[in-house]
1. Straight distance only, please: which aspartates and glutamates reach the Cα of Lys81 with their own Cα at less than 17 Å, same-chain residues fewer than 8 apart left out?
2. Under a 10 Å cutoff between Cα atoms, tell me which one of Ile77, Ile114, Ile106 has the largest fluctuation in the Gaussian network model of the chain.
3. Of Gln10, Leu41, Val111, which is farthest along the charge dipole of the chain in the positive direction, counting Lys and Arg as +1 and Asp and Glu as -1 at C-beta?
4. Step through the residues of region 42-58 one at a time and calculate ³J(HN,Hα) from phi using the Karplus curve (6.51 cos²θ - 1.76 cosθ + 1.60, θ = phi - 60°), rounding each to whole Hz and writing x for Gly and Pro.
5. Bins of 5 Å, beginning at zero and ending with the bin holding the largest distance: percent of Cα pairs per bin for the chain, please.
6. So which lysines can Lys43 reach, going by Cα to Cα under 25 Å and dropping same-chain residues fewer than 8 places off?
7. Search the structure for amide H atoms under 5 Å from the amide H of Val101, placed 1.01 Å from N in the peptide plane, and list their residues when 5 or more places away or on another chain.
8. Over the chain, with a Gaussian network built from C-alpha contacts below 10 Å, which listed residue (Val101, Val15, Val111) shows the highest mean-square fluctuation?
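Every number here is computed from the coordinates shown, using simple stated rules; none is lab data. This one's a predicted model, so the numbers in the text were calculated from it and none came from an experiment. Don't worry about glycine lacking a Cβ; one is built from the backbone with ideal geometry, like all the others, and counts go over all protein chains shown.
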Amino acid sequence: MSNISCNETQPEITVRKFLFSKGLRFRKNDKRYPGKPDILLPKYKTAIFVHGCFWHGHNCPAGKLPETRKDFWKKKINDTKTRDKRNINELKDLGWKVIIVWECEIKSQKVKEIRFKELINEIIKTN
């Protein structure tokens, strides 16, 4: 588990490359904000988290808990979900719009194209 990186993951890089290609400029992993968002778009006052389905307990096949040590994993994932909610609420209290991009949403090309169109709309609408 110690080899798992929390920064510069492939899904994060994919989202950042897309945003940059659309002319959006951002900060990454800014420690000044709760939860250290993966991507911050100050112009749109938007924070984006790119979540791994397993580690953040997404309700998809990739988010399924392992069969071994179920109690350990359940507690670990629930703690992560609690921390995520707290960070999102703190960001919203500071006036930031928060967007979550799930790893499974950008795995296949077809689904990724749809999600990226939605992402642009989410960022640009009502800033």
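1. Straight-line reach from Lys81, under 17 Å: Asp38, Asp71, Glu90, Glu103.
2. The residue with the greatest mean-square fluctuation here is Ile114.
3. Leu41
4. Here the 3J(HN,Hα) series is x, 4, 9, 6, 10, 10, 10, 10, 9, 9, x, 4, 5, 5, 10, x, 6 Hz.
5. 2, 10, 19, 23, 21, 14, 7, 3, 1, 0
6. Those lysines meeting the cut-off are Lys17, Lys22, Lys28, Lys31, Lys85, Lys92, Lys97, Lys112, Lys117, Lys125.
7. Phe49, Val50, His51
8. Val111
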